[in-house]
Amino acid sequence: MARYKLHCFAQSGNAYKVALYLELAGLDWEPVFIDFFAGKATYSGPWRESVNSMGEVPVLEVDGVMRSQSGAILTWLADTTGHFAPPDADARYEALRWMFFDNHKFTSYLATLRFLLAFAKTGETPVTAFLRQRAKSAYGIVEAHLADRAFMLGDAPSIVDLSLAGYVFFPEETGLSIETFPALNAWRERLRALPGWKHPYELMPGHPLPDA
Ligand SMILES: N[C@@H](CCC(=O)N[C@@H](CS)C(=O)NCC(=O)O)C(=O)O
């Protein structure tokens, strides 16, 4: 039995952040499939009591302890294994600063846009237009930061890059290309080139959806 169990499903970019970490770090891990779409598993009272009261994946289970929130999990993994860790206190602060930005602006608008278009299938609406504009704005901010560095904290990939990577490998599902953001696009290719990199749909169970 693997030491690290990741409660997840393939379509979850937030879970991908942690799955990609575990895979790239070469840690002994396995996914635990959470049936979000058909089974509404994260809404069940028992699941919330025993796995995550916040009703979300990812949840990383280690030695019976459940940890949620991708940014907090990545920080804990970096602290406890050393992989992809910010090298000092200033870098740790910088990592948290960008991961909060990611959770608030970069991932959240992009993930919600994708959910509406690819899964709720709302078609284009004023809400999707708003989300796309906000996601583009967040792209622009990261684009500027990456203009003179390979990865978010400098020359080496860190937990910040894995956090921002959650949803950038599904461009066809959001109708939001990053090709027009050259630094962001080059950063994504650097991530894709890391030894062991896999697409979210290869790394976690549940793709394709039964009705897709
Ligand atoms: N800030 C959280 C976001 C987690 C999140 O939104 N997870 C989604 C899947 S990608 C979820 O489980 N949503 C269930 C719901 O909102 O009902 C994190 O980074 O872990």
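A few notes on this one:
- Residue match in the stretch 186-204 (condition: touching a Cys at 6+ places or on another chain (Cβ under 6 Å) and either at negative phi or open to solvent by 60 Å² or more (accessible area, probe 1.4 Å) (or both)): yes
- A single entry from A165, A135, A144 fulfils the requirement of being among the hydrophobic types (A, V, I, L, M, F, W, C), within 30 Å of A38 (Cβ to Cβ) and free of Cβ contacts under 8 Å to residues at least 60 places away in the same chain: A135.
- When Y201 is tested against (1) more than 22 Å from A10 (Cα to Cα); (2) in contact with a His (Cβ under 7 Å, 6 or more places away or on another chain), only condition (1) is not met.
- The residues of the stretch 119-143 that are in contact with a helix residue (DSSP H, G or I) (Cβ under 8 Å, 6 or more places away or on another chain) and either within 29 Å of A78 (Cβ to Cβ) or surrounded by 16 or more Cβ atoms within 10 Å (Cβ to Cβ) (or both), listed by number, are T128, L131, R132, R134, A135, S137, A138, Y139, I141, V142, E143.
- Which numbered condition V18 misses (of (1) more than 9 Å from the ligand (Cβ to nearest atom); (2) of a type outside the set (S, T, Y); (3) out of contact with any Phe, Trp or Tyr (no Cβ under 7 Å at 6 or more places or on another chain); (4) part of a helix (DSSP H, G or I)): (1)
- Considering only residues in the stretch 42-70 that are more than 14 Å from L22 (Cα to Cα), within 15 Å of the ligand (Cβ to nearest atom) and of a type in the set (G, A, S), the one that is least open to solvent (accessible area, probe 1.4 Å) turns out to be G55.
The values are calculated or read from the model by the stated rules, or taken from the named source; none is laboratory data. All figures in this text were calculated on a predicted structure; none of them were measured in a lab. Because the Cβ atoms are built from the backbone with ideal geometry, glycine has one as well, and the counts that use them run over all protein chains shown. Areas reflect the complete protein model, heavy atoms only, side chains present, ligands, DNA and RNA absent. Shrake-Rupley method; radii C 1.70, N 1.55, O 1.52, S 1.80 Å.
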